[in-house]
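This report concerns only the one structure given below.
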Amino acid sequence: MMYSDKVWDHFSNPRNVGEIADADGVGEVGNATCGDIMKIYLKIDNGIITDAKFKTFGCGAAIATSSMATEMIKGKPISEALKLTNKAVVEALDGLPPVKVHCSVLAEQAIKHALADYYRRNGIDPTPFVGELKEEEACHVH
Amino acid sequence: MERFVYADNAATTKISKPVLDAMLPYLTEQYGNPSSLYRFGNQAKRAIETARKEVADVLNADPFEIIFTGGGSESDNWLKEIMHSLKKKGKHHMITSVVEHHALLHSAQRLEKDGFEVTYLPVDHEGQIDPEAVRQAIRPETGLVSIMFANNEIGTLYPIEQIGAICRQAGVLFHTDAVQAAGHVKIDVKQMNIDLLSLSAHKFHGPKGVGAFYCRRGIPLTNLIDGGAQERGKRAGTENVAGIVGLGAALRIANEELEQTSAKVSAMRDRLIDGILTTIPQCRLNGPRQNRLPGNCNISFLGVEGESLLLRLDLAGIAASSGSACASSSLDPSHVLLAIGLPHEVAHGSVRFSLSDFNTEDDVTYILEKLPEIVSTLRSMSPLWEEMQKGQVSFEQ
């Protein structure tokens, strides 16, 4: 299985690893049984994501997509982060092997969960913004 | 990359110099077809028969009983033919184990689709099988038992001689997939009552793409591959002469050097296992500590995932493999690790190092130097490890 140079870069030098102690939104998706967990922390000020950090238990693609996804939303308004698709993350990484594309879906989900958490903490119903979020993602079907 | 440490010999091995030297003439000047009538072809035929004798001698079999195949998978697939023949005698039941290689398991599953019954014996927490379990599973309609000689993932060595005796007494054919064992541990098909056996050259410093199937004289054998009369009419196709020559030489040499290689490699393996278990917290050895293949070291690192471990190892110049779902092209976690009772998350965190005679003490030292940092870096990034540290989740060890 071949990873692109960009994926290798984001895997070996992942950006934004860590946690935010006083985060404004935290989202965790995936499960250990499947072998993929992504946890994303967001700091939001005046509708702008001023900081994003991640922790990931998962493969090379999972770590690289977490790194790239957090890079793509840092410094952006919430409205843009809401529009982030897994396809955009995969493109930014110059592509992923087909069997690994589902890892990018996890990244998109983790960000949406973190934003949903931010809305809930502020007494806002997240559904109009993030849509219906599945609680537990089932392992990839094959 | 600072240096390259190849620690994945269970996946494949480097062809050794004497083997390469033995093969080269058959890739260059001695290109005759062994079936040709003229002397130029006879030379190639002679080389194949020499290789056949080499394999037979190592196994304590008769050359007649050795058929060259395209590898271990093909040899395992022959069991389908054996079972189809046995069905005509009312034997439609086969016994095997849950930890066999996929070539065997998928062949067994295909037999089930064809109406056969297969019993998959479970294993204990070290991957071991009790011969009694085999005896108890045998029924009047059992035609074949197939238990691997040694497990490729966790190194468990099986009680083949005892199982062979049980099968011989019960009048049931006994096959063993010896792909990981041949060339590394002693095999004696007569003493061990083995009727059928699979092996593959590239696991003992021979070339890829060639293996052998041992079938005891007297056992009817129908072809997997029909066509010309090669391999006494049992396996059609112009022979992979150079590959067969390489296989014979590699097995002969491996057998000659077996005791000393095994001692050297086991010592390195033990240093690696002990080194990892003592320097890295929260990890566990998969498979038995003692009764395992000389080069095999399989360890689960809790809180981290196998593919990311392998990639970091790769960045450090170390080649290994993993039982993680993410590391397999099928996205299934190792069936062997699940069979020994590991929870999925522990199976996902497994890494298999497998050493050979070509590894050095420096290689082991290098792995022991690089691994702790790799594991701790990935752990610092892992939400699962974080939960484990906070006591929110734990895995029985």
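The values are calculated or read from the model by the stated rules, or taken from the named source; none is laboratory data. These figures come from a predicted structure and were not determined experimentally. When we count neighbours, we look across all protein chains shown, and the Cβ atoms used for this are built from the backbone with ideal geometry, even at glycine. For the accessible areas, the whole protein counts, side chains as well, though only heavy atoms, and no ligand, DNA or RNA atoms are used. Shrake-Rupley method; radii C 1.70, N 1.55, O 1.52, S 1.80 Å.
For the reader, a short list of remarks on this structure follows.
- When B:Met192, B:Met148 are checked against the criterion of being part of a loop (DSSP other than H, G, I, E, B) and free of Cβ contacts under 8 Å to residues at least 40 places away in the same chain, B:Met192 stands alone in meeting it.
- Any pair with Cβ under 6 angstrom, 6 or more apart, that starts in the range B:66-88 at a residue that is farther than 19 Å from B:Leu105 by Cβ and ends at one that is of a type outside the set (Phe, Trp, Tyr) and part of a helix (DSSP H, G or I): B:Ile66/B:Arg52; B:Ile66/B:Val55; B:Ile66/B:Ala56; B:Phe68/B:Ile244
- Residues that are of a type in the set (Gly, Ala, Ser), part of a loop (DSSP other than H, G, I, E, B) and touching a residue at least 60 places away in the same chain (Cβ under 8 Å) occur in the range B:272-288; there is at least one.
- Of all residues making up the range A:29-77, the number that are facing another protein chain (nearest Cβ under 9 Å), more than 15 Å from A:Ala107 (Cβ to Cβ) and of a type in the set (A, V, I, L, M, F, W, C): 1
- Among the residues of the range B:297-310, not a single one is more than 14 Å from chain A (Cβ to nearest Cβ), aliphatic (A, V, I, L, M), out of contact with any Asp or Glu (no Cβ under 9 Å at 6 or more places or on another chain) and more than 27 Å from B:Val98 (Cα to Cα).
- Complete set of residues in the range A:1-26 that are within 11 Å of chain B (Cβ to nearest Cβ) and either β-branched (Val, Ile, Thr) or in contact (Cβ under 8 Å) with a residue 60 or more places away in the chain (or both): A:Met1, A:Tyr3, A:Val7, A:Val17, A:Val26
- Single match in B:Glu54, B:Glu29 (criterion: of a type in the set (Asp, Glu), part of a loop (DSSP other than H, G, I, E, B) and open to solvent by 10 Å² or more (accessible area, probe 1.4 Å)): B:Glu29
- Output for the range B:329-375, where each listed residue is open to solvent by 40 Å² or more (accessible area, probe 1.4 Å), away from every other protein chain (no Cβ under 14 Å) and outside any helix (DSSP H, G or I): B:Gly341, B:Asp357, B:Phe358, B:Thr360
- Set B:Ser382, B:Ser322: member being free of Cβ contacts under 8 Å to residues at least 40 places away in the same chain, facing another protein chain (nearest Cβ under 10 Å) and in contact with a helix residue (DSSP H, G or I) (Cβ under 9 Å, 6 or more places away or on another chain): B:Ser322
- Flag if B:Ser321 is under 26 Å from B:Asp57 (Cβ atoms) and hydroxyl-bearing (Ser, Thr, Tyr): no
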